[in-house]
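Accompanying notes for the structure given below.
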Amino acid sequence: GVPDGMDIERIRRAITSVDGVTGMHHLHVWALSTTENAATVHVVTRRGSDTSRIKQDIKRALAAAGAEHVTVETETEGETCSDDTCRR
């Protein structure tokens with residue numbers, strides 16, 4: 001489950017509020033230790049977006065929400081998804 005003190009809805013809002021992000025899926029948040037949390041997320045970006053900036057903005061937002069170790073995967077709108085769980 002989500003570590004104590006982590007607000008998953010706050011994390012979702014932080015990710016989707018980043019300029020250029022049009023969707024997200026596969027968000028996972030977990031405790032690495034009693035003091036450190038991690039997160040992974042797949043985001044869908046607008047065509048032509050600066051994915052490096054988007055990743056950094058998401059990492060900054062999640063660090064502020066309490067997840068210090070963050071991995072962000074990106075795909076562009078309209079890109080064929082590699083598995084059947086992706087949502088459009």
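Charged side chains reduced to their Cβ positions (Lys and Arg at +1, Asp and Glu at -1) give region 19-84 a dipole of some 260 debye around its Cα centre. For Thr22, the residues whose modelled amide H falls within less than 5 Å of its own, excluding neighbours fewer than 5 places apart on the same chain, are Val44, Thr45, Arg46. Charge dipole (Cα centre; +1 on Lys/Arg Cβ, -1 on Asp/Glu Cβ; no other charges) of region 2-42 amounts to roughly 120 debye. Between helix 51-64 and the chain there is an angle of about 20 degrees, using the helix long axis and the longest principal axis of the Cα atoms.
No lab work stands behind these numbers, since they all come straight from the coordinates. Worth saying up front: this structure is predicted, and the values here are computed from it rather than measured. Note that we place each Cβ from the backbone using ideal geometry, even for glycine, and neighbour counts take in every protein chain shown.
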